[in-house]
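Okay, so here's the structure we're looking at.
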Amino acid sequence: MKPIVIITGAAGLIGQYVVKNATRWAPDWEVRGLSRGDLDLTDQRAVQQAWKAIRPRAVIHCAAMSRTKDCERDSLQARRINVEATAHLARCSEEIPFMFLSSGEVFDGQSEWYRESDDPNPINVYGQTKFEAEQRLLQNPRHTVVRIVLTAGTSLNGDRSFVEDMCRAATSGKAITLYGDEFRCPLPAGVIARAVWELMNREATGLYHLGGRDRLSRWEIGQALVACYAELQGSLIEGLSTDHTGAPRPRDLSLNCDKLQALLSFPIPGFREWLGDRMQQEGDLWDYESTLA
């Protein structure tokens with residue numbers, strides 16, 4: 001029998017791609033995807049019973065309260081989901097590999113191309129809860145933390161990725177302001193899924209950064225997407241982060257990924273490179289096929 005790996009957040013954007021790509025990138029594992037409907041991760045007794053019944057040999061923890069504005073509105077719930085539930089899952093998995101997907105939001109954005117050795121300084125609730133969870137996870141040498149970035153993909157309900165948010169707003173006739181002085185290094189969900197599986201199969205532990213090779217402003221990202229999504233044409237407006245009035249957002253979350261790249265069998269792509277290659281193919285724009293193999 002194949003060893004069982006649990007994927008939490010299986011109905012979310014990243015979790016969905018991790019589950020979907022398991023057949024290709026992790027054929028030696030039996031994958032059990034768990035969504036919120038399957039198991040409430042904040043119910044510690046239910047989690048313990050599920051782990052006892054399933055007896056996983058590894059866990060990839062993708063579930064999170066990930067929208068910054070939601071975390072700011074309900075910081076207690078953000079802490080329950082992102083910190084307390086994560087720490088409990090890690091305790092239930094203390095003898096097996098446990099991979100936690102964290103975020104570049106642990107940084108304040110005052111620098112660029114952050115390395116794993118740089119000191120976190122979160123400026124919003126989401127980043128703070130992710131950093132606290134990281135600290136608990138990394139106390140166990142069997143466990144792994146992967147900080148990811150702005151992720152493009154197609155979710156089950158069409159409401160999880162930043163691309164889907166932009167397209168939905170444009171279709172409803174809303175103007176979309178994108179900051180020309182706020183920088184990210186976006187990646188497709190399919191690339192993240194492949195990297196996660198390669199790390200799991202290598203039993204790599206510790207802290208890693210996973211972001212794209214391109215450091216792009218929000219405005220540049222939007223301009224790149226117009227070629228793929230006609231509905232965005234005419235809806236994008238360039239702005240400045242000084243005009244932002246919502247939850248605090250780091251100015252620059254570009255991540256240096258040299259440490260992780262040294263372990264992967266494929267080159268981490270840039271966002272523009274990916275879009276150019278994938279536009280020539282059919283299927284899910286954000287999945288990982290053979291373009292970089």
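Mind checking which residues of the range 155-189 are of a type in the set (G, A, S) and surrounded by 24 or more Cβ atoms within 10 Å (Cβ to Cβ)? A189, the sole residue that qualifies. For the range 191-221, residues that are closer than 19 Å to I6 by Cβ and in contact with a strand residue (DSSP E or B) (Cβ under 7 Å, 6 or more places away or on another chain) total 6. Against the numbered list (1) outside any loop (DSSP other than H, G, I, E, B); (2) surrounded by 15 or more Cβ atoms within 10 Å (Cβ to Cβ); (3) β-branched (V, I, T), I268 comes up short only at (1).
One line per residue, one yes/no per condition, for (1) of a type in the set (K, R); (2) closer than 30 Å to A247 by Cα:
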residue: G12; (1), (2): no, yes
residue: Q49; (1), (2): no, no
residue: R57; (1), (2): yes, no
residue: C62; (1), (2): no, yes
residue: A85; (1), (2): no, yes
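Looking only at the range 141-195, residues that are more than 25 Å from F131 (Cα to Cα), hydrophobic (A, V, I, L, M, F, W, C) and in a loop (DSSP other than H, G, I, E, B) come to 2 in all.
Applying a threshold of 6 Å to beta carbon distances and a minimum spacing of six or more residues, or different chains, the list of pairs starting in the range 164-178 at a residue that is more than 13 Å from C228 (Cβ to Cβ) and ending at one that is assigned to a helix (DSSP H, G or I) reads T171/E231; I176/M166; I176/A169; L178/R218; L178/W219; L178/G222.
Of all residues in the range 140-156, those satisfying the criterion of being of a type outside the set (A, V, I, L, M) and farther than 22 Å from L263 by Cβ are G153, T154, S155. Residue pairs whose Cβ atoms lie under 9 Å apart, separated by 6 or more positions or on different chains, with the first residue in the range 109-129 and among the basic types (K, R) and part of a loop (DSSP other than H, G, I, E, B) and the second at pLDDT 95 or above and surrounded by 15 or more Cβ atoms within 10 Å (Cβ to Cβ), are R115/H209; R115/L255; R115/N256; R115/K259. For the range 34-47, which residues satisfy the criterion of being surrounded by 14 or more Cβ atoms within 10 Å (Cβ to Cβ) and in a helix (DSSP H, G or I)? Within the range 34-47, Q44, V47 meet the criteria. Out of the residues in the range 53-79 meeting the condition of being more than 17 Å from the chain's Cα centre (by Cα) and of a type in the set (A, V, I, L, M), tell me which one is surrounded by the most Cβ atoms within 10 Å (Cβ to Cβ). My answer is A58.
Within the range 1-33, being of a type in the set (D, E, K, R) and either in contact with a Cys (Cβ under 8 Å, 6 or more places away or on another chain) or in a loop (DSSP other than H, G, I, E, B) (or both) holds for K2, D28. Residue count for the range 93-108 under the criterion of being touching a Gly at 6+ places or on another chain (Cβ under 9 Å) and either free of Cβ contacts under 8 Å to residues at least 60 places away in the same chain or part of a helix (DSSP H, G or I) (or both): the result is 4.
State whether one or more residues within the range 82-92 are within 28 Å of D159 (Cα to Cα) and in a loop (DSSP other than H, G, I, E, B). Checked against the condition, which is being within 28 Å of D159 (Cα to Cα) and in a loop (DSSP other than H, G, I, E, B), the range 82-92 yields no hits at all. Here is the figure for the range 208-265: residues that are farther than 30 Å from L137 by Cα, without any contact (Cβ under 8 Å) to a residue 40 or more places away in the chain and part of a loop (DSSP other than H, G, I, E, B) total 3. Pairing each residue of the range 43-58 that is of a type outside the set (F, W, Y) with any residue that is in a helix (DSSP H, G or I), provided the two are 6+ apart or on different chains, yields C-beta distances under 7 Å for Q44/H88; V47/H88; V47/L89; V47/C92; Q48/C92; A58/M200.
Could you list, in sequence order, the residues of the range 186-224 that are touching a helix residue (DSSP H, G or I) at 6+ places or on another chain (Cβ under 6 Å) and farther than 29 Å from M99 by Cβ? Passing the criteria: only A224.
The values are calculated or read from the model by the stated rules, or taken from the named source; none is laboratory data. Just so you know, these numbers come straight off a predicted model, no measurement behind them. Neighbour counts run over all protein chains shown; Cβ positions are idealised from the backbone, glycine included.
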